[in-house]
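Please treat every number below as a calculation from the coordinates, not as lab data. Quantities reported herein were computed from a predicted structural model and do not represent experimental measurements.
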Amino acid sequence: MIEKMAMGLVDQMAEEKMIDKEAEEYYVYTLVSLMEKFITIGTILLISVLIEKLVPTAFFLLFFLSLRKRTGGYHMNIFFQCYLGTVVTYMLVLGLCMVLVDYPQLVFGLLLVAICIVEVIGTVNHPNIHMDAVELSESKRAARILCAVEVCVIYTFTLLGADMMYVCHMAVAVILCAVLLLIAKILKQEVKRNEEN
């Protein structure tokens, strides 16, 4: 349905001579991606408002989406699976943070393991993205640097005595990225080295 809407809009733009006919496929892909992100993030934000967790959710999304963009990790095949998986995962994150907020040592222990995973693996080269060796190297470097920056922010918030709920949401964002990296590796959802060229 989303793709049909995007195709209709792009067809209309092509008829109005707003875009080149040859670039239609690119515009459809981009529009579908934006609409899917809008629906998914919009749903998460709506849930967070309804349960009065908007600020912790904003921290979670900022940290998670920034790092996930660079690390990659497990991806589902179709939008509905991805949407449902993301919303369910968000609900699990909320529940997990409600429990972990009382166990800061466990949060920081899991965060330490997650840091090690991100620093060792860096990025998973998903077949849909299919980065070349230089792009993959840059993505790994960016993921490692961003992970270090996010951990420094978490550490600073902790030192400043910020609410543990915020710290927990930021830490769980990094932990979730590491888990998704591991799942992609375990399921071999990546471009093999001999396929890179």
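Under 19 Å Cα to Cα from K185, which lysines show up? Leave out anything in the same chain fewer than 8 places away. The reachable lysines, counting only those whose Cα sits under 19 Å from K185, are K69, K140. Stretching the chain fully between Y26 and M98 yields a gain of 21.7 nm (0.36 nm per residue, less the alpha carbon separation).
Compute log10 of I(q)/I(0) for region 87-167 with the Debye formula, placing one identical point scatterer on every Cα and leaving out solvent, at q = 0.10, 0.11, 0.14 Å⁻¹, to two decimals. Reported log10 I(q)/I(0), two decimals: -0.34, -0.40, -0.62. Compactness of the chain was expressed as the Cα radius of gyration divided by 2.2 N^0.38 Å, which yields 1.15. With contacts taken as Cα pairs under 8 Å and at least 6 residues apart, region 45-184 reaches a relative contact order of 46 percent.
Taking E24, E119, E150 in turn, the Gaussian network model of the chain (Cα-Cα springs below 10 Å) assigns the largest fluctuation to E24. Dividing the Cα radius of gyration of region 1-89 by its Kirkwood radius returns 1.07 for Rg/Rh.
Given the C-alpha centroids of region 85-103 and region 124-178, what is the distance between them in whole angstrom? The two parts, judged by their Cα centres, are 18 Å apart. Estimated purely from DSSP H runs of n ≥ 4, each contributing -39500 (n - 2.57), the mean residue ellipticity at 222 nm for the chain is -26500 deg cm²/dmol once divided by its residues.
Please list, or write none, the lysines whose alpha carbon is within less than 24 Å of the alpha carbon of K17, excluding same-chain residues fewer than 8 places away. Excluding near neighbours in sequence, the set is K4.
The ellipsoid that matches the Cα gyration tensor of region 70-116 has semi-axes, each √(5λ) in whole angstrom, of 25, 16, 5, with the longest given first.
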